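Below: one structure, written as structure tokens.
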Amino acid sequence: MTIDLKQLPQLQPLFKLLSSGAHLNRLQDSELWVELENHQSQYETLFAALGFSLVLDGRGYAYFKTDQASAYTGKLTRRLALLLMLLFEYQADQGLHLFQFQQWQLDMPLINKLHIHYHAILEAEEITSPQTIKETLDSAARIGFLVLEDGAFRLQPAVHRYLDLFQELAQAERYDPMQTEDDAEDTL
């Protein structure tokens, strides 16, 4: 396949964003999103030739899938996964629907509630204060999982990556073949 780079005017900003580890969000970066959607196959081919695997999720985000992670991204990923899991649990307990997460406002009062409610769990990951939570959210905003608007964070479509994982883990927990076998042995 021959790719005419002149037909890809947003190649440089797209590559710069995605190769930095950030997510492209349809709502936040609509011009780049439209460019990527319109020329998806060319971008996938070009990026693959450069060693990158482009993932374009129909729920409104794109990123480069990678198996490599630095110590920083590993720590950020663990902290963000924990914070999002606790946030989802807290909001579900408040009666909010998880798939409406893009409407939630993560302001300092909510961050403080999360810190108080889950203090012991957060301490285990060295998240020792509401300020540490905010710093983690700031870092997550830089790579496209959140956006800061008027002093409050809003979750972006890329958070579906974590929500999908949490649902997958919940499904696996509901049906554990080893547990079923053990339960059967207990009854014998």
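Things to note:
- Protein-only accessible surface order, largest first, of ILE3, ILE133 at 1.4 Å: ILE3, ILE133
- Based on C-alpha pairs under 8 angstrom that are at least 6 apart in sequence, the chain has a relative contact order of 21 percent.
- The figure for SER53 is an accessible area of roughly 60 square angstrom, using a 1.4 Å probe on the protein chains alone.
- Pairs of lysines in the chain whose Cα atoms sit within less than 18 Å of one another amount to 5, provided the residues are eight or more positions apart or on different chains.
- Residues of segment 15-30 with amide N under 17 Å of a point placed 7 Å along Cα→Cβ from LEU56: 15-19, 23-30
- Nonlocal amide H pairs with TYR61, under 5 Å, H built at 1.01 Å: ARG26
- Computed with every protein chain present, the accessible area of LEU86 is close to 10 Å² [probe 1.4 Å].
- Alpha-carbon centroids, segment 1-70 and segment 95-163: separation in whole Å: 26 Å
- Karplus (6.51, -1.76, 1.60) ³J(HN,Hα), θ = phi - 60°, over segment 159-170, in Hz, Gly and Pro reported as x: 5, 4, 4, 6, 4, 4, 5, 4, 5, 4, 5, 5
- Rolling a 1.4 Å probe across all protein chains gives MET85 an accessible area of roughly 90 Å².
- Segment 90-171: GluC sites (Glu not before Pro) falling in loop per DSSP and having at most 10 other Cβ within 10 Å: GLU126
- In the full protein context, the chain carries 60 Å² of accessible surface per residue, based on a 1.4 Å probe and ignoring ligands, DNA and RNA.
The values are calculated or read from the model by the stated rules, or taken from the named source; none is laboratory data. Note that the structure is predicted; figures quoted are calculated from it, not measured. Reconstructed Cβ throughout: ideal geometry from the backbone, glycine too, with neighbour counts over all protein chains shown. These accessible areas exclude ligands, DNA and RNA; they are computed on the full protein's heavy atoms, side chains included. Shrake-Rupley method; radii C 1.70, N 1.55, O 1.52, S 1.80 Å.
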